[in-house]
Amino acid sequence: MKKTSLLALISLLGGCALISPSGEDTAQHTPTPLNKASPHRVTIIPAPPEPAIALLAKRQAWCLLPEPERIQVDAVLRAKSNNSSLFQRLMLTSCAPEKYTEQSQDLIQALDLEKLSEAERALLALIDTANRDLLHTQQQRDTLRTKLRETIDGISNIETKINSSETQQQRGQQ
């Protein structure tokens with residue numbers, strides 16, 4: 001896909017916004033009872049601001065792209081170096097979080113220093129929590145992998161010693 005058509009597609013998808021099926025603003029509705037016997041009310045949460053929706057729509061489109069094309073998008077975004085491009089790069093890394101955990105952490109730290117809207121700050125916190133959990137899991141995996149390798153090497157050394165000892169005993173018996 002050419003860069004121009006890719007960027008046009010991203011821009012087109014980024015402009016999409018979610019609206020309720022009736023076209024009404026859900027934030028203006030008052031809570032209504034679940035049933036007449038229940039004192040609980042259903043709370044309708046207003047939709048996030050359009051930029052957050054657009055960012056998530058872009059992420060969805062990017063995650064459908066093959067890896068080489070996502071790398072091209074990242075290169076284009078890297079050249080811009082502003083809050084918006086940093087956030088977009090973070091969303092792009094979330095398409096393959098296990099592969100880009102360290103890059104995501106760097107972007108999160110850079111964005112944390114910037115002035116962000118409440119919705120952007122909440123999204124950043126959500127991604128940061130997931131990223132930290134993933135980093136912790138990867139560290140545990142690496143630790144277990146190291147212990148497994150040490151155990152296998154230890155067993156191999158024991159087997160070598162046993163085989164060596166048996167060979168010496170057989171020579172001594174002859």
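All of the numbers you see were taken from the coordinates with simple rules; none came from a lab. These figures come from a predicted structure and were not determined experimentally. Here the Cβ positions follow ideal geometry from the backbone for every residue, glycine too, while neighbour counts run over all protein chains shown.
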### Query
Given labels modelled 7 Å from the Cα in the Cβ direction, how far is it in nm from I71 to Q103?
0.9
### Message
I need the P(r) histogram for segment 42-174: all alpha carbon pairs, bin width 5 Å from 0 out to the longest distance, whole percents.
### Response
2, 9, 14, 16, 13, 9, 7, 5, 5, 4, 4, 4, 3, 3, 2, 1, 1, 0
### Task
Can you pull the one-decimal nm distance between simple spin-label points at N163 and D112, each 7 Å off the Cα toward Cβ?
5.1
### Task
Treat each spin label as a single point 7 Å out from the Cα along the C-beta direction, and report the L144 to A125 distance in nm.
3.1
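Quick one: Kirkwood hydrodynamic radius for segment 109-174, alpha-carbon pairs, angstrom, one decimal? If you can, show how the numbers build up before the last one.
On the way: mean 1/r = 0.0605 Å⁻¹.
Final number for the Kirkwood radius of segment 109-174 is 16.5 Å.
If I take R0 = 45 Å and measure r between the Cβ atoms of A96 and S156 in this structure, what FRET efficiency does the formula 1/(1 + (r/R0)^6) give, to the nearest 0.05? All intermediate terms of the calculation are to be shown ahead of the outcome.
Working: r = 35 Å, r/R0 = 0.79.
Computed FRET efficiency for A96 and S156: 0.80.
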